[in-house]
Amino acid sequence: MPEQDTITAPLSWFGRFKALPVDSTPKTIFVAVVLCLFCSMIVAAAAVSLRPTQGANKLRDKQVNILQVAGLYAQGVDVGTVFASFEPRIVDMKTGMFTDMFDAATFDDRAASSDPELSTELKDDPAMIGRQSNFTTVYLLKNSDGSLDKVILPIYGYGLWSTLYGFIALEENGNDIFGLQFYEHAETPGLGAEVDNPRWKAQWSGKSLRDGDGSLLIQVAKGTGPEKHHVDALAGATLTSNGVDNLVKFWMGEAGFAPFLRNLTAGEA
Ligand SMILES: Cc1cc2nc3c(=O)[nH]c(=O)nc-3n(C[C@H](O)[C@H](O)[C@H](O)COP(=O)(O)O)c2cc1C
């Protein structure tokens, strides 16, 4: 008997794909792509769902730093409650006066410093920040009788590898330093990151920005300097120290908070 030919329908692309061995290149690529998509969906979902928590943590971190520089932080303290004793205000940096143009509780200083509408490009830029916001949030700490106890000012500028962000706390006279600390930077641990060392930070307490004539004398430098105004540079980290010297002088100077501090202490801000 003659053999009967079997006629098979041509396979679709899916059928051909299914028929491939499991360790074939197309199937390996397919599994890798599906896995990547699945993982990226999980990462995206986690990023979106954690955003509010990250925002809250960032805010709390900033508040902790303000409490620390003002000497009001202790382990276990209710940060929100203590922070409520500060009065955030926006300063117009051009006039050195308070302004109510923005809500101080929600004003985003960092966003403002890169917004061309709200900031000014710096020609003379010792702190190496590029643009300076025209408006800055400061924090007032008052005594029970309403008089000023301390003012907390944000400061930032470039070190060796990174921009250092921090706060300086000044006494009610706008001249004596209560404390200074950075809460964000990427300087090298053991070298530039020693700006976080409590022993180095402690040097700032009790120093004065200006002398009796109003000259800005605060300095971070190697060796010795005027006792009331000198902070020792970090050993092995002169470049970060120079950055701190530059940024403190910039923010405490005429282009920074000097006009505001004059107005504040004269009761005219
Ligand atoms: C890997 C590496 C990381 C460094 N990180 C820093 C730093 O964060 N800040 C800094 O001022 N110097 C840093 N330095 C050292 C500087 O290059 C420079 O030698 C130093 O600032 C000079 O300080 P001195 O005069 O006190 O020795 C680093 C050096 C190396 C090799």
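The values are calculated or read from the model by the stated rules, or taken from the named source; none is laboratory data. All of these numbers come straight from a predicted model, not from anything done at the bench. Ideal geometry is used to build each Cβ from the backbone, glycine not excepted, and the neighbour counts take in all protein chains shown.
Within the stretch 232-250, being closer than 15 Å to Lys207 by Cβ and of a type outside the set (Gly, Ala, Ser) holds for Asp232, Val244, Asp245, Val248, Lys249.
If I ask for residues that are within 13 Å of the ligand (Cβ to nearest atom) and among the basic types (Lys, Arg), which ones from the stretch 192-236 would you list? Answer for the stretch 192-236, where residues must be within 13 Å of the ligand (Cβ to nearest atom) and among the basic types (Lys, Arg): just Lys222.
Look at the stretch 234-253: where a residue is within 14 Å of Asp196 (Cα to Cα) and a partner is within 15 Å of the ligand (Cβ to nearest atom) and among the hydroxyl-bearing types (Ser, Thr, Tyr), sitting 6+ places away or on another chain with Cβ atoms under 6 Å, you get Leu234/Ser241. If you go through the stretch 123-140 and keep only what is crowded, with 19+ Cβ neighbours inside 10 Å and within 16 Å of the ligand (Cβ to nearest atom), you end up with just Ala127. Of all residue pairs spaced 6 or more apart or on separate chains, those with beta-carbon atoms under 7 Å, a first member in the stretch 98-117 that is of a type in the set (Ser, Thr, Tyr) and a second member that is surrounded by 12 or more Cβ atoms within 10 Å (Cβ to Cβ) and not in a helix (DSSP H, G or I) are Thr99/Ile90; Thr99/Asp92; Thr99/Phe135; Ser113/Ser119; Ser113/Arg131; Ser113/Gln132; Ser113/Ser133; Ser114/Arg131.
Conditions tested, residue by residue: (1) surrounded by fewer than 17 Cβ atoms within 10 Å (Cβ to Cβ); (2) modelled with pLDDT of 95 or more; (3) basic (Lys, Arg); (4) closer than 15 Å to Phe250 by Cβ.
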{"site": "Met97", "(1), (2), (3), (4)": "yes, yes, no, no"}
{"site": "Asp100", "(1), (2), (3), (4)": "yes, yes, no, no"}
{"site": "Leu118", "(1), (2), (3), (4)": "no, yes, no, no"}
{"site": "Glu121", "(1), (2), (3), (4)": "yes, yes, no, yes"}
{"site": "Tyr156", "(1), (2), (3), (4)": "no, yes, no, yes"}
{"site": "Glu171", "(1), (2), (3), (4)": "yes, yes, no, no"}
{"site": "Asn197", "(1), (2), (3), (4)": "yes, yes, no, no"}
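Would you call Ser162 within 16 Å of the ligand (Cβ to nearest atom) and of a type in the set (Ser, Thr, Tyr)? Taking the combined requirement at face value, the residue satisfies it.
Quick one: how many residues across the stretch 44-81 are in a loop (DSSP other than H, G, I, E, B) and either on the phi < 0 side of the Ramachandran plot or of a type in the set (S, T, N, Q) (or both)?
In the first step, residues of the stretch 44-81 are kept if they are in a loop (DSSP other than H, G, I, E, B); the result is 70-78.
Add one more test, that the residue is either on the phi < 0 side of the Ramachandran plot or of a type in the set (S, T, N, Q) (or both), and what stays is 70, 72-75, 77-78.
Matching residues across the stretch 44-81 total 7.
Look at Asn143 and say whether it is in contact with a strand residue (DSSP E or B) (Cβ under 6 Å, 6 or more places away or on another chain) and surrounded by fewer than 17 Cβ atoms within 10 Å (Cβ to Cβ). Yes; evaluated as a whole, the condition is true for this residue. Picking from residues in the stretch 237-269 that are within 16 Å of the ligand (Cβ to nearest atom) and among the β-branched types (Val, Ile, Thr), the one that is nearest to Met97 (Cα to Cα) is Val248.
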